[in-house]
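J.: Dumping the structure here so I can ask a few things about it.
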Amino acid sequence: MDTLLFLLCLFVAVAAPLLAIAYLRGILRRVLDGMCPAEGSAEFWIRCATLLATSGSVLLLLLFGHLESGMSVAEALRRALMPTLGAVFVSVALIARNVWQALRPPFPTDAAAFAAAAVRERT
């Protein structure tokens, strides 16, 4: 395996999740501050998400990247981007799902309770 090619792919695997979390950082901090009033809790969760997304991306690259000697740069980048972007997608989806579950009100499961909740919302 070409060392420079490996380092380039490793850079991609680290940079992609860092860019995604950097993009979400501002709005995620505001949402988490509203959900977690304790001092520093939003920053803790953002750092956890950054660490998990980055380490997951690198782990998937190392497991499934299949970088070989003599491989073209384009093919190596494609093989690096597939697991990396998969890890970023899963990380952002998990963050969004957990924030959504915490923000949305619980919906009643039976029809009578649902109708009563709808009447209360209108008044």
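J.: Being among the small types (Gly, Ala, Ser) and in contact with an Asp or Glu (Cβ under 7 Å, 6 or more places away or on another chain) narrows it down to one of ALA38, ALA42, ALA15, ALA76, so name that one.
T.: ALA42
J.: Further question on the same structure: Sort out which residues of the range 60-76 are in contact (Cβ under 8 Å) with a residue 24 or more places away in the chain, assigned to a helix (DSSP H, G or I) and surrounded by fewer than 16 Cβ atoms within 10 Å (Cβ to Cβ), and write them in order of number.
T.: VAL73
J.: Report yes if ARG25 is surrounded by fewer than 17 Cβ atoms within 10 Å (Cβ to Cβ) and of a type outside the set (Phe, Trp, Tyr), otherwise no. Before you say what the answer is, go through the steps one by one.
T.: On the way: surrounded by fewer than 17 Cβ atoms within 10 Å (Cβ to Cβ): yes; of a type outside the set (Phe, Trp, Tyr): yes.
Spelling it out, ARG25 is indeed surrounded by fewer than 17 Cβ atoms within 10 Å (Cβ to Cβ) and of a type outside the set (Phe, Trp, Tyr).
No value in this document is a laboratory result; all are computed from the given coordinates. Predicted model only: the values in this text are computed from it and were never measured. Here Cβ is always computed from backbone atoms with ideal geometry, including for glycine, and neighbour counts include all displayed protein chains.
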